[in-house]
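Student: Please see the structure below; I have some questions.
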Amino acid sequence: MSGSVTTAIVGLQWGDEGKGKLIDLLADRHDAVVRYNGGANAGHSVVVEGVRYALHLIPSGILHADTLAVIGNGVVVDPAVLLREVDGLAERGVDVSALRLSNRAHVVLPWHRAEDELRETILRGGSTGEGGQIGTTKRGIGPAYADKAHRSTAIRAGDLLDEGRLRQRLEAVLPLKSRCLEALGSPPVEVDALVDTALAWGARLRPMICDTTYLLHGLLADGKSLLFEGANATLLDVDHGTFPFVTSSNCTTLGIPAGTGIPGRCVERVLGVCKAYCTRVGSGPFPTELHDQTAERIRERGNEYGTTTGRPRRCGWLDLVALKYACMINGVTGLSIMLLDVLAGFDELQLCTTYEVDGERTDRFTPDAAVLDGVTPVYESVPGFAEEVRAARSLGDLPSEARAYLDRIEAFVGVPIEVVSVGPDRAETIQISA
Ligand code: IMP
């Protein structure tokens with residue numbers, strides 16, 4: 001169909017960069033859109049012809065006819081959330097028959113959510129000032145990945161299709177989980193009720209569940225192209241992000257091979273997505289965070305409230321040190337700068353180009369919360385732009401100051417800008433190259 005190369009789209013900051021819009025823009029040039037990490041902690045908002053879709057688990061490619069939407073083995077799936085999303089899309093006339101779910105994707109079960117919630121509550125009382133909590137989305141993500149690593153207490157999507165196997169596994173797991181739930185003060189889970197619920201999920205998901213590794217390799221062998229949809233973002237990557245204030249999966253492109261079975265060398269193009277400024281939800285270091293009217297203005301203009309939790313996002317200036325690191329880790333070949341329109345009206349804009357640590361300057365990002373907490377951002381001031389830019393459809397339509405802002409980003413990071421987004425709608429986009 002496409003002639004497009006196999007591409008990855010990855011968030012370069014702390015999430016919510018607007019990846020959904022970009023995936024939606026590129027989806028119909030690819031034969032399948034593939035999720036490889038995370039779970040219902042992600043939230044992609046896509047606006048198509050004025051209709052807003054909030055997707056958490058289903059790849060945004062579902063909004064395109066002729067594009068498969070694939071949830072790979074690296075994703076942790078809460079079947080209740082997935083089915084709610086399927087029903088919501090079907091009600092709005094979206095055909096969901098092109099959805100595929102890996103039989104090896106791990107299942108988020110009721111105790112995972114309970115454990116996530118309770119861990120956060122208990123850790124809030126910790127001794128480290130703000131408490132030891134991560135500020136998770138409470139979607140059970142960490143506990144589900146922990147069970148994947150524990151192995152003996154995990155349930156995978158394929159298990160939902162076989163009553164005997166499912167009952168055997170749940171009966172084996174429940175004594176331990178019941179004791180944990182009891183210790184955590186949560187209500188007990190009754191095995192027969194859970195088996196019934198899980199079988200009902202399996203019955204509905206059966207047409208979607210398959211070996212997605214062979215499916216994807218088959219597509220590649222037929223000359224088709226894949227679009228990998230990164231959930232969460234680089235600085236939330238469990239290995240390469242601001243640990244421990246991260247999520248539990250490899251959100252970078254480094255997660256693609258493990259999360260889908262497709263080798264990294266098959267990904268020919270990596271589009272890194274960042275906002276024209278920075279935001280973060282949850283706890284953890286954020287060197288360029290602002291606590292003033294600028295932050296307030298960015299939050300209101302950018303509608304910076306979480307898609308998944310509704311929490312107000314922390315806001316600050318663009319951190320080029322972190323951005324350059326993120327490009328390096330992901331092998332980014334092109335940048336997408338989102339929400340440029342939000343910055344209209346500031347007299348001056350600030351770009352963080354260096355960190356100061358113990359009186360020394362460094363251009364290295366440190367993916368360690370304790371160290372990153374101690375850095376002081378050093379800024380370069382650039383002139384702001386007064387005019388609104390939502391009507392711009394080419395770089396030439398932008399005020400010269402906005403173009404200079406983009407040029408500075410490109411020069412610093414050393415990666416070409418391919419897309420600039422100036423508003424939420426599909427049409428409000430400047431495509432520099434495709
Ligand atoms: P968890 O993924 O729910 O365990 O949350 C871990 C951290 O990652 C928290 O700070 C969350 O707010 C953050 N997080 C997880 N997913 C996203 C996302 O898609 N966008 C922004 N932040 C996220």
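Please treat every number below as a calculation from the coordinates, not as lab data. Everything numeric in this text was worked out from a predicted model, so none of it was measured. Here Cβ is always computed from backbone atoms with ideal geometry, including for glycine, and neighbour counts include all displayed protein chains.
Student: May I ask for the longest run of the chain untouched by GluC sites (Glu not before Pro) that are loop-located per DSSP and have at most 11 neighbouring C-beta atoms (other than their own) within 10 Å? Provide the component values of the computation, followed by the final result.
Tutor: Values: sites that count: Glu49, Glu130, Glu190.
Between exposed loop sites, the widest span is 191-434.
Student: Once the mean 1/r over all distinct Cα pairs of region 1-103 is inverted, what Kirkwood radius in angstroms do you read off?
Tutor: Numbers: mean 1/r = 0.0725 Å⁻¹.
13.8 Å is the Kirkwood radius here.
Student: Pull up the DSSP beta bridges for region 283-434 and report the antiparallel fraction as a percent, rounded to 5. Write out the running numbers ahead of the final one.
Tutor: Numbers: 16 of 21 bridges.
Bridges in region 283-434 are about 75 percent antiparallel.
Student: Here is a further query. What is the distance, in nm, between label points placed 7 Å from the Cα along the Cα-to-Cβ direction at Glu348 and at Leu176?
Tutor: Result: 5.7 nm between the two label points.
Student: Just to confirm a number: summing +1 for Lys and Arg and -1 for Asp and Glu over residues other than Val77 whose beta-carbon lies under 10 angstrom from that of Val77, what do you get?
Tutor: Numbers: positive: Arg35, Arg156; negative: Asp78.
Counting the neighbours of Val77, the net charge comes to +1.
Student: With both bridge residues required to lie in the chain, what share of the DSSP beta bridges run antiparallel, to the nearest 5%? Could you put the intermediate results ahead of the total?
Tutor: On the way: 25 of 60 bridges.
Of those bridges, close to 40 percent are antiparallel.
Student: As a check on your grasp of the helix formula, calculate [θ] at 222 nm for the chain: sum -39500 (n - 2.57) over DSSP H runs of n ≥ 4, divide by the residue count, round to the nearest 500.
Tutor: Numbers: 12 runs with 137 residues, N = 434.
Roughly -9500 deg cm²/dmol at 222 nm, from the helical runs in the chain.
Student: If you average the C-alpha positions of region 323-358 and of region 285-321 separately, how far apart do those two centres end up, in angstrom?
Tutor: The two parts, judged by their Cα centres, are 14 Å apart.
Student: Give, in nm to one decimal, the length gained when the segment between His291 and Val378 is fully stretched (0.36 nm per residue of separation minus the Cα-Cα distance).
Tutor: Details: separation 87, 0.36 × 87 = 31.32 nm, distance 1.67 nm.
Additional length available on full extension: 29.7 nm.
Student: Please determine, in degrees from 0 to 90 and to the nearest 10, the orientation of helix 163-183 with respect to the longest principal axis defined by the Cα atoms of the chain, where the helix direction is its Cα long axis.
Tutor: With both axes taken from Cα atoms, the answer is about 70 degrees.
Student: Could you work out which residue, out of Ile409, Ile122, Ile141, moves most in a Gaussian network model of the chain, that is, has the largest mean-square fluctuation with Cα springs under 10 Å?
Tutor: Ile122
Student: Based on the alpha-carbon set only, what is the convex hull volume of region 101-187 divided per residue, in Å³? Walk me through the numbers before you get to the answer.
Tutor: On the way: hull volume 8.6 nm³, N = 87.
Convex hull volume per residue, Cα atoms: 99 Å³.
Student: Is the shape of region 242-383 best called rounded, prolate or oblate, per the rule: a/c under 1.5 gives rounded, else a/b larger than b/c gives prolate, else oblate, with a ≥ b ≥ c the square roots of the Cα gyration tensor eigenvalues? Present the calculation step by step, with values, prior to reporting the outcome.
Tutor: On the way: a/c = 1.57, a/b = 1.35, b/c = 1.17.
Here region 242-383 falls in the prolate category.
Student: Using alpha carbons only, how many angstrom separate the centre of region 1-47 from the centre of region 194-249?
Tutor: Cα centroid to Cα centroid, the span is 13 Å.
Student: Between the helical axis of 79-91 and the dominant principal axis of the chain, each derived from Cα atoms, what acute angle in degrees is found, rounded to the nearest 10?
Tutor: Helix 79-91 and the main axis of the chain meet at about 70 degrees.
Student: Further question on the same structure: With 21 Å as the limit, write out which pairs from Lys275/Lys324; Lys148/Lys177; Lys21/Lys275; Lys19/Lys324; Lys224/Lys324; Lys21/Lys148 have Cα-Cα distances beyond it, or answer none. Mind showing how you got there, number by number?
Tutor: Numbers: Lys275/Lys324 14 Å; Lys148/Lys177 14 Å; Lys21/Lys275 12 Å; Lys19/Lys324 18 Å; Lys224/Lys324 31 Å; Lys21/Lys148 31 Å.
Among Lys275/Lys324; Lys148/Lys177; Lys21/Lys275; Lys19/Lys324; Lys224/Lys324; Lys21/Lys148, the Cα-Cα distance tops 21 Å for Lys224/Lys324; Lys21/Lys148.
Student: Given springs between every Cα pair under 10 Å in a Gaussian network model of the chain, which of Asp407, Asp222, Asp116 has the largest fluctuation?
Tutor: The residue with the greatest mean-square fluctuation here is Asp222.
Student: Need one number: nm distance between label points at Ser97 and Ala200, each 7 Å from Cα along Cα→Cβ, rounded to one decimal.
Tutor: 2.6 nm
Student: Right, next: So how much slack lies between Glu190 and Arg165, counting 0.36 nm per residue of separation and subtracting their Cα-Cα distance, in nm? Please list the in-between numbers first.
Tutor: Values: separation 25, 0.36 × 25 = 9.00 nm, distance 1.73 nm.
Using 0.36 nm per residue and subtracting the Cα-Cα distance, I get 7.3 nm.
Student: Next question. For Val48 and Asp397, what does the FRET efficiency come to when R0 = 35 Å and r is the distance between their Cβ atoms, rounded to the nearest 0.05?
Tutor: 0.95
Student: In a shell of Cβ-Cβ distance under 12 Å around Val413, excluding Val413 itself, what net charge do Lys and Arg (+1) and Asp and Glu (-1) give? Intermediate values should be presented prior to the final figure.
Tutor: Values: positive: Lys324, Arg408; negative: Asp319, Asp363, Asp407, Glu410.
Residues close to Val413 contribute a combined charge of -2.
Student: Still on this model: Provide the FRET efficiency to the nearest 0.05 for the Glu356-Asp407 pair, computing r from the beta carbons and using R0 = 35 Å. All intermediate terms of the calculation are to be shown ahead of the outcome.
Tutor: Numbers: r = 25 Å, r/R0 = 0.72.
In this case the efficiency is close to 0.90.
Student: If you stretched the chain out fully between Ala386 and Arg151, how much longer would it get, using 0.36 nm times the residue separation minus the C-alpha to C-alpha distance?
Tutor: Working: separation 235, 0.36 × 235 = 84.60 nm, distance 5.59 nm.
79.0 nm is the gain from fully extending Ala386 to Arg151.
Student: Asp66 to Asn303: FRET efficiency via 1/(1 + (r/R0)^6), r the Cβ-Cβ distance, R0 30 Å, to the nearest 0.05? It would help to have the intermediate numbers written out before the result.
Tutor: Working: r = 31 Å, r/R0 = 1.05.
About 0.45, to the nearest 0.05.
Student: Beyond 27 Å, what share of the Cα-Cα pairs of the chain is found? Please give it as a whole percent. Working shown, then result.
Tutor: Details: 48634 of 93961 pairs.
Cα-Cα pairs of the chain separated by over 27 Å account for 52 percent.
Student: Which angle from 0 to 90°, rounded to the nearest 10, does the C-alpha axis of helix 141-150 make with the longest principal axis of the chain?
Tutor: Taking the Cα atoms of the chain, the angle to 141-150 is about 50 degrees.
Student: Looking at Thr212, Ala90, Ser60, which one has the Cα that reaches farthest to the positive end of the dipole of the chain (charges on Cβ: Lys, Arg +1; Asp, Glu -1)?
Tutor: Result: Thr212.
Student: Here's something else I'd like to know. Charges only on Cβ, +1 for Lys and Arg, -1 for Asp and Glu: so what's the dipole of the chain about the Cα centre, in debye to the nearest 20?
Tutor: Values: 43 positive and 57 negative charges, 212 e Å.
Computed about the Cα centre, the dipole is about 1020 debye.
Student: Which value in Å does the Kirkwood hydrodynamic radius of region 342-430 take, with 1/r averaged over all unlike C-alpha pairs and then inverted?
Tutor: Working: mean 1/r = 0.0668 Å⁻¹.
Every distinct Cα pair counted, the radius reaches 15.0 Å.
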